[in-house]
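Asker: Got a structure here, written out as structure tokens. Questions coming.
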Amino acid sequence: MSHYSVWSVLREGLRGQTGWDRAWRDPEPKSEYDVVIVGGGGHGLATAYYLAKNHGITNVAVVEKGWLGGGNTGRNTTIVRSNYVQPVSTQFYEHSVQLWENLSHDLNYNVMFSQRGQLGLFHTPAARDGQAKRVNTMRACGIDAELLNREQVQAMVPHLDYSGNARFPILGAVLQRRAGTARHDAVAWGFARAADRLGVDILQQTEVQGILREGGRVTGVETSRGTIRAKKVGVAVAGSTGHVMAMAGIERLPIESHKLQAFVSEPLKPLLDYVIGYGAPGAHFYISQSDKGGMVFGGDLDFYNSYAQRGNLPIVQDVAECAMAIMPCLGRVKLLRHWAGIMDMSMDGTHIMSKTPVEHLYMNAGWCSGGFKATPASGWHFADLIANDRPDDLTAAFSLDRFERGYVIDEKGMGPTPKLH
Amino acid sequence: MSGYRLDQGGLIDRADPLTFTFDGTEYQGFGGDSLASALMANGVDVVGRGFKYHRPRGVMSAGVEEGGAILTVGSGRFREPNVKAPVQPLYQGLVSSGQNAWPSVRRDVGRINDVMKRFLAAGFYYKTFFGVRGGTKDWMLFEKVIRRAAGMGRASRAPDPDRYETAHATCDLLVVGSGPAGLAAAKAAAGAGKDVILAEQDFTLGGSFLARSGGIEQAVAAIEGLRAAGVTIMPRTCVFGLYDGCVAGMIEQVSDDPGLHGVRQRTWVVRPREIVLATGAIEQPLAFGNNDCPGVMQAGAVSTYLNRYAVAPGKRAVIATTNDSAYAVAADLVTAGIPVTLIDARPSGPDAPEGVKVMHGTVPIRTTGSYVLEGVDVGPLAEDGYATVSRTLPCDLLAVSGGWTPVVHLTSHRGPKPVWNDTIHGFLAGSTTEPIRTCGAAAGIYAHDDCVASGQAAGTGDAGPQPEAGPHPAMPLYEIKTHGKKLKRFIDPQHDVTADDVRLAEREGFVSIEHNKRYTTLGMATDQGKVGNIIGIAIMADASGRTIAETGTTTFRPPYSPISIGALAGRGTYMHFRPVRRTPLHEWNLANGAVMTDAGLWKRPWYFPLEGESVDDAYIREMKAVRATVGLCDVSSLGKIMVQGPDAGDFLNRVYVNGFAKLPVGKARYGVMLRDDGMVYDDGTVWRMSDTDFLMTTTTANAAGVMAKLEELLQTRWPDLKVQLTSVSDQWAGIAVAGPKSRETLQAVTTDCDLSDAAFPFMGIREARIAGADVWIARISFSGERAFEVYVRGGAADAVMQALWDAARPLDGVLYGTEALGALRIEKGHVAGSELDGRTSLHDLGLGGMASSKKAFIGKAMMDREGMRDPDRLQLVGVAPVDASRRLRAGALLDTRTDLIDHGQGFITAVTDSPDLGHWIGLALVKGGLERWEGKEMTSYDPARDGNTAVRILSPHFFDPKGERMHG
Amino acid sequence: MIRITCPFCGERDHSEFSYGGDATVAYPALDASVEDWNEAVYLRSNPRGPHKEYWHHLNGCRAWLIVERDTLTHEVGKVEFAHPGLRNAVRTSV
């Protein structure tokens, strides 16, 4: 297996790139594994990696119906941050950011985590207090955060709309300097390669068609490439959670599938050095610039249940309006592509990482639009849950039964209306 | 390439000379020219640089698939990066410049990357640059350099000065494309009485007609016919996407120089009954050595430049082809007097056009020329697919045809995956159940007459001709392989992706075509793979031992061609970004000195400063006046809903936690409603005007949401209830009259209403007249003072407000805004938006006692779940600083520790300086609430602003807790 | 743009409407058990395919509608008033 470094890149350059191995093997499925992870996205692959690395469980298969990272891992706007306000969520996402900070080294794969800083703008005095609470909460939890005034924001990003023409004036922003962006595909590939090197079998083009159970306990999965027995099964298929969990007899969940669009412009020379979040009344928008130069941005959900990975015009237009509202210089910048991903929208806006009514079947779902940034922590804690068959301190709150028990974690306070989270 | 203008012909107006500049040099073109044709006519050969290796690029096509001539047009605020020169019409004074090069595209120091290219293979950046230190520091140093090197054009940082707008249309049939098939389809449909819109992205109508010798006249005649038949013809209009319901998104380029009041681009949202796609086909390149050299061009584009623009792209031409289409190009070159040699990869082909030397079984292997094209090494193609150089053909123009691929993007937007067709060696649109028909070259039908027949059939919905291979089938050749030294064979000239990159990706396991795209970036440039996709798929198929059909294609996404963000935003910019909601008293408030603030979409009076007053000065003065005399406040933004009907009382009983059915006529009551999950949703008052008529008020924030929820309940859950809802939020204005002298103020303006405590007790409502207008008055207090709310139709609001103000002013009254309104309610311990945050329950807010035990209501079943009654829940308390001189901050956390490591015990939700108490006070939500904390000290933790402040936890009812001032 | 044919207003863009969620959820009586309410408030079958759902014609006639729509293709089938009285009135008049 080739180790990646500047030396290997130079060596292979000199010998015509002939010495690179496959990034991961393409094995035949074994008849039985200790753990089968359903879903070859970032979360599933990270789970497999940490099962092997943290828990020494290497007899693991990741079963993916299509290609690795083909779901939301490869469709999101790549923002990584830990500016959550609700208890446990703050700590969970901060653990994730800490894992991100060393992820390229850990995986020996450049996931391009760029800690360029995220600015969450606010536009009313009341919103300033809300953002101050965010800063206080983050600082209390040991996370870097600063409350900036309008002049400070203007000094950092001079070409936002500070004019009197802006519908909502920029009064200031919350800055998290350690937040930023990462190369989404590389996250899936990096985890896949690292997990593969630890012995994990990655099975692409292998669709799970049934979840095998005996006496209330999971025993394996039925796949398009035959039966695979497993002592434990973890499901990490955000967007299709209901579909897969139904195979285990769990027909109804506190989740709706919604689509979220994402947008990228043509490549430009550096125009924006930070991630910007816009939260004016009735507007939701975020934008950053990829290393390749495209402006990457997104906004609200399309607001109806959907499994179609394509969006509709009203949100396209709305998102363009938001873009113009904060960066009116974008008028002549051209949109290159827009697409959509299917979000597991949970009933309280927070993910579910939990044991299930089926013994040794675990679910990792309901990430709403926040799953990408959670990838390493999700893998870390889901692996822990699977290995130990009990949730750790940062996982217990995210249980499936929190809804019926009345312990929802409602980051936005919107209640059981998934489209509003 | 050394292009020049032909003496005659073309669809250009030689009587309309236009001056333009490229990289500071002035040139001349003609009306009808594209920027590319004009540059070419002036002999400009290098117009761009590649993304990664910075190799020189010339014009490669005549359409939106352009991969080389991508320029910046305009300067300053008008600067538009990444403009494809072939689709940009020339206009007088056009300013253009090269991109991604320093100091210029002619001499670009970035060319050094080309020397390094052996190290810059696909995905090399995933394998290095993360450095040796832990963390992200090293990567971010590299990233800075990479970001500067990447990107293409430079965008302006100044606001786009131009205007855009949005328009809507409907039609029976939308025809996309104005080539032979599109024109035929539109004609046939219009002939059948259909209302037709024909959209063409080019600035000149005619499609492939324009490339053909003699085609221009045919196109002009056909278009005249369509005009006569009433077809709506829209040139320069790109159908960028097809969305659900077959709704088409289109962008019309209205003007290149719209001036101050004109429109630059217009977004069209078109709702057609049926769609005909006559979007044509795009000529594919071949992957051979240094095929990115300026002078290498699509063969069909050569014909377009000759026939449409009367420009010769070179003086000595070689054509390399795998199919018949390039033979016509050879004939066009001969007509223009340009010597041409045609090499055909096939062992045989059609007859050679007169004056053309044809070499069969011969393929291009590599171009020669270090800067621009000087010749091409060609040779025979062996059985094993490898070629060896047999000779060099000198040339300054190499026209290449690697076959054609139908434009099936728009159908793909709707979901159907393109299907590989072995007859035409291309992907055709997948089948769809929607009323979308594809015809002409877009359907793989290339012969001109068949295209017309295909278009006609599509226009009327009949069956048309099918793709045919013809007598000399095209050869499916994509990559010219050679033994020996590796050649750079480009398949995506914009992103500098080579055939070897695809093969490397395959060796590393990126076999899925989606992985291949993402790993090599093939097809992710501004042409979205219009030229590179098929070759890339073919090479991946070859490398992985699969067929092209098995390999499949990536998903085409909207927009078909890049579209400006400004156009999509339309007029929804600046103050039109979101509606501005103004109360009926808006102008009155402004005229009387209000400073406004945003509250959701509303503009509300924030405070009314006297000269020199800050917001803090003003709101304290306003508060004091309300407590001492009287204040008037515009509360019109509250939601107001008429709830009427025989079951209205029962309905309200179900909606609110407290009882309403027995509310007497002439009285109002405060109510709280929950969500289905038992959390507090909204609060307000309900006034009973008669047995069957109630007026409900809601918070400003939830006005629309409550209305929608009530409608939902009546229409879906309780359809048996006889209740009518009418929102009167926008129809009625509301004025709070608060303070000890509120009665005196009201009494001065109304004669027909007894305002004595006996006649008009607390929570009473009465009809009255003020300033000649009918009003409703309720004795309601949000401030804790004796207070009234006066509701009046919006049109009379100014007069009523003025009358009240005339009465209040002599009593030393004030106008007050939302800042004082909020401060007064904090003193009183009333909850508002900052406590009703969607996470608090009735019990949390100390309102548990309101819940009726005698009836069921929304949320009752859920409000007492384990987690909802957990003693550790955040509950409402009051808070004050231990040191009375310190201020408080909303958003500060509360805990007994001074150095927090977690979320602490709670947080402060709202604060105000209290003139009555002489110090700051606040409301807060704390774990365990008053029961656990009353009288105890905590630390207010506010690193965001003020740092730590010692505070004491108190009852939230700071002011007149018994309500004597309000009732008395 | 999903096009929804409101029985009252005719065919309109979906942006005139507000999505109201799964219309097969049966909300129990207000005094029903917390278990029944938990089902209605939190649990969804979330099908990939045909879905019966509410849409509120917010910027139109304000009717709540039951729309049959495929969540995979967004194809819209039958659209009816949610209110049974209105629904039946339309059915009888056809």
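Computed from the coordinates by the stated procedures, all read-outs in this text should not be read as laboratory data. Treat the numbers as computed from the prediction; the structure is a model and nothing was measured. Here Cβ is always computed from backbone atoms with ideal geometry, including for glycine, and neighbour counts include all displayed protein chains.
Asker: What does the charge count around B:Gly32 come to, taking other residues whose C-beta lies under 13 Å from its C-beta (Lys +1, Arg +1, Asp -1, Glu -1)? Mind showing how you got there, number by number?
Answerer: Details: positive: B:Arg5, B:Arg14, B:Arg308; negative: B:Asp13, B:Asp16, B:Asp33, B:Asp202.
Within the 13 Å Cβ shell, the charges total -1.
Asker: Shifting gears a bit: Can you compute the charge dipole magnitude of the protein assembly as shown about its Cα centre, using +1 on each Lys and Arg Cβ and -1 on each Asp and Glu Cβ, nothing else charged? Give it in debye, rounded to the nearest 20.
Answerer: Values: 153 positive and 164 negative charges, 383 e Å.
Computed about the Cα centre, the dipole is about 1840 debye.
Asker: Hey, another quick one. Applying the Karplus parametrisation 6.51 cos²θ - 1.76 cosθ + 1.60 with θ = phi - 60° to the phi angles of region A:335-346, what ³J(HN,Hα) value in whole Hz is obtained for each residue in order, glycine and proline being reported as x?
Answerer: My calculation for region A:335-346 gives 6, 9, 7, 9, 8, 9, x, 9, 8, 7, 8, 7 Hz in order.
Asker: Normalized C-alpha radius of gyration of chain B, against 2.2 N^0.38 Å? If you can, show how the numbers build up before the last one.
Answerer: Working: Rg = 37.6 Å, N = 968, 2.2 N^0.38 = 30.0 Å.
Taking the Cα Rg and dividing by 2.2 N^0.38 Å, one obtains 1.25.
Asker: So if I take the centroid of the Cα atoms in region B:898-968 and the same for region A:389-412, what is the distance between those two points in Å?
Answerer: Comparing the Cα centres of region B:898-968 and region A:389-412, I get a distance of 29 Å.
Asker: Right, another one. Looking at the square roots a ≥ b ≥ c of the eigenvalues of the Cα gyration tensor of region B:639-727, which shape do they give, rounded for a/c under 1.5, prolate if a/b is larger than b/c, or oblate? Write down the numbers at each step before the final one.
Answerer: Details: a/c = 1.42, a/b = 1.15, b/c = 1.23.
Taking the square roots of the gyration eigenvalues as a ≥ b ≥ c, region B:639-727 is rounded.
Asker: What net charge is computed for the residues neighbouring B:His409, neighbours being all others with C-beta under 10 Å from the C-beta of B:His409, Lys and Arg scored +1, Asp and Glu -1?
Answerer: Details: positive: B:Lys530, B:Arg557; negative: none.
So the surrounding residues net to +2.
Asker: With a point put 7 Å past each Cα toward its Cβ, work out how far B:Ser544 is from A:Ser8 in nm, to one decimal.
Answerer: 2.2
Asker: May I pose another question? Can you tell which of B:Tyr27, B:Val497, B:Gly529 lies farthest toward the positive end of the dipole of chain B, using +1 and -1 charges on the Cβ of basic and acidic side chains (Lys, Arg; Asp, Glu)?
Answerer: Toward the positive end, the furthest listed residue is B:Val497.
Asker: Restricting to bridges with both residues inside chain B, how much of the DSSP beta-bridge set is antiparallel, in percent to the nearest 5?
Answerer: Roughly 70 percent of the beta bridges in chain B run antiparallel, per DSSP.
Asker: While we're looking at this one, here's another question. Work out from phi, with θ = phi - 60° and the Karplus expression 6.51 cos²θ - 1.76 cosθ + 1.60, the ³J(HN,Hα) of each residue of region B:651-660, listed in order in whole Hz, and give x for Gly and Pro.
Answerer: With coefficients 6.51, -1.76 and 1.60, one gets 4, 5, 4, 7, 7, 9, 6, 9, x, 10 Hz.
Asker: Simple spin-label model, 7 Å along Cα-to-Cβ: C:Thr92 to B:Lys315 in nm?
Answerer: A separation of 9.0 nm, rounded to one decimal place.
Asker: What is the calculated FRET efficiency for B:Ala352 to B:His472, with r their C-beta to C-beta distance and R₀ = 22 Å, to the nearest 0.05?
Answerer: 0.95
Asker: Roughly how big is chain B's charge dipole about its Cα centre, with Cβ charges of +1 (Lys, Arg) and -1 (Asp, Glu), in debye to the nearest 20? Don't skip to the answer; put the middle values down first.
Answerer: On the way: 101 positive and 110 negative charges, 317 e Å.
Roughly 1520 debye, rounded to the nearest 20.
Asker: Distance between Cα centroids, region B:128-150 to region B:242-278: provide it in whole Å.
Answerer: One Cα centre to the other: 42 Å.
Asker: Here's something else I'd like to know. Run the helix sum for chain B: -39,500 (n - 2.57) per DSSP H stretch of 4+ residues, divided by residue count, reported at 222 nm to the nearest 500 deg cm²/dmol. Intermediate values should be presented prior to the final figure.
Answerer: Numbers: 24 runs with 208 residues, N = 968.
Mean residue ellipticity at 222 nm (helix-derived): -6000 deg cm²/dmol.
Asker: I would also like to ask the following. Roughly how large, in nm² to one decimal, is the mean projection of the convex hull of the alpha-carbon atoms in region A:1-89?
Answerer: 9.3
Asker: Roughly speaking, what is the centre-to-centre gap between region A:171-188 and region B:548-610 when only Cα atoms are used, to the nearest Å?
Answerer: What the calculation gives is 25 Å, centre to centre.
Asker: Could you pull out every residue, at least 5 positions away or on a different chain, whose amide H is within less than 5 Å of the one on A:Gly71? Hs are placed 1.01 Å off N in the peptide plane, and Pro or chain starts have none.
Answerer: HN-HN under 5 Å from A:Gly71: empty list.
Asker: Given the pairs A:Lys269/B:Lys144; B:Lys194/C:Lys52; B:Lys417/C:Lys78, which are separated by over 23 angstrom at their Cα positions? It would help to have the intermediate numbers written out before the result.
Answerer: Working: A:Lys269/B:Lys144 11 Å; B:Lys194/C:Lys52 35 Å; B:Lys417/C:Lys78 27 Å.
Correct reply: B:Lys194/C:Lys52; B:Lys417/C:Lys78.
Asker: Can I ask one more? Would you work out the relative contact order for chain B, in percent, from Cα pairs under 8 angstrom that are 6 or more residues apart?
Answerer: Numbers: 2355 pairs, mean separation 82.8, N = 968.
Rounded, it is 9 percent for chain B.
Asker: How large is the Kirkwood hydrodynamic radius of chain A, in angstrom, based on all distinct alpha carbon pairs? Can you show the working numbers first?
Answerer: Values: mean 1/r = 0.0453 Å⁻¹.
So the Kirkwood estimate lands at 22.1 Å.
Asker: I would also like to ask the following. If the limit is 32 Å between Cα atoms, which of A:Lys412/B:Lys84; B:Lys722/B:Lys927; B:Lys855/B:Lys927 go over it? Numbers along the way, then the final one.
Answerer: Numbers: A:Lys412/B:Lys84 44 Å; B:Lys722/B:Lys927 43 Å; B:Lys855/B:Lys927 30 Å.
From A:Lys412/B:Lys84; B:Lys722/B:Lys927; B:Lys855/B:Lys927, over 32 Å: A:Lys412/B:Lys84; B:Lys722/B:Lys927.
Asker: Mind checking the angle between helix B:137-149 and chain B's longest principal axis? C-alpha axes, 0 to 90 degrees, to the nearest 10.
Answerer: So the inclination is approximately 60 degrees.
Asker: Moving on to the next point. Where both residues lie in the protein assembly as shown, what percent of DSSP beta bridges are antiparallel, nearest 5?
Answerer: Given both bridge residues lie in the protein assembly as shown, the antiparallel proportion sits at roughly 75 percent.
Asker: If you don't mind, another one. Taking H placed 1.01 Å from N in the peptide plane, check which residues at least 5 places from A:Phe285 or on another chain put their amide H under 5 Å from its amide H.
Answerer: For A:Phe285, the qualifying residues are A:Tyr278.
Asker: Here's a follow-up. From the Cα gyration tensor of the protein assembly as shown, with a ≥ b ≥ c the square roots of its eigenvalues, which class applies: rounded if a/c is under 1.5, or else prolate if a/b is larger than b/c, or else oblate? Working shown, then result.
Answerer: Values: a/c = 1.99, a/b = 1.66, b/c = 1.20.
Verdict is prolate for the protein assembly as shown.
Asker: A 30 angstrom limit on the alpha carbon distance is what I want to check against. Which of A:Lys30/B:Lys117; B:Lys187/B:Lys517; B:Lys488/B:Lys530; A:Lys65/A:Lys232 exceed it? Mind dumping the intermediate values first?
Answerer: Working: A:Lys30/B:Lys117 41 Å; B:Lys187/B:Lys517 40 Å; B:Lys488/B:Lys530 20 Å; A:Lys65/A:Lys232 19 Å.
Result: A:Lys30/B:Lys117; B:Lys187/B:Lys517 exceed 30 Å.
Asker: Can you tell me what share of the DSSP beta bridges in chain A is antiparallel? A percent to the nearest 5 is fine. Could you put the intermediate results ahead of the total?
Answerer: On the way: 50 of 70 bridges.
Roughly 70 percent of the beta bridges in chain A run antiparallel, per DSSP.
Asker: Hey, another quick one. With θ set to phi - 60°, apply the Karplus curve 6.51 cos²θ - 1.76 cosθ + 1.60 along region B:694-699 and write out the HN-Hα couplings as whole Hz, x wherever there is a Gly or Pro.
Answerer: Running phi through 6.51 cos²θ - 1.76 cosθ + 1.60 with θ = phi - 60° gives 10, 10, 9, 10, 10, 5 Hz.
Asker: Another one. Report Rg/Rh for region B:870-967, rounded to two decimals, where Rg is the Cα radius of gyration and Rh the Kirkwood radius. Don't jump to the answer; show the numbers that get you there.
Answerer: Working: Rg = 13.1 Å, Rh = 13.4 Å.
My calculation of the ratio gives 0.98.
Asker: Would you be so kind as to identify which of B:Gly191, B:Gly131, B:Ala155 lies farthest towards the positive end of the dipole of region B:101-248, taking Lys and Arg as +1 and Asp and Glu as -1 on Cβ and the Cα centre as origin?
Answerer: Ranked along the dipole, the leading option is B:Gly131.
Asker: Using amide H atoms built in the peptide plane, which far-off residues or other-chain residues are under 5 Å from B:Thr498 H to H?
Answerer: B:Ile491
Asker: What does the charge add up to near A:Gly199, with Lys and Arg as +1, Asp and Glu as -1, over the other residues with Cβ less than 12 Å from its Cβ? Write down the numbers at each step before the final one.
Answerer: Working: positive: A:Arg25, A:Lys30, A:Lys53, A:Arg197; negative: A:Asp34, A:Asp196, A:Asp201.
Net charge around A:Gly199: +1.
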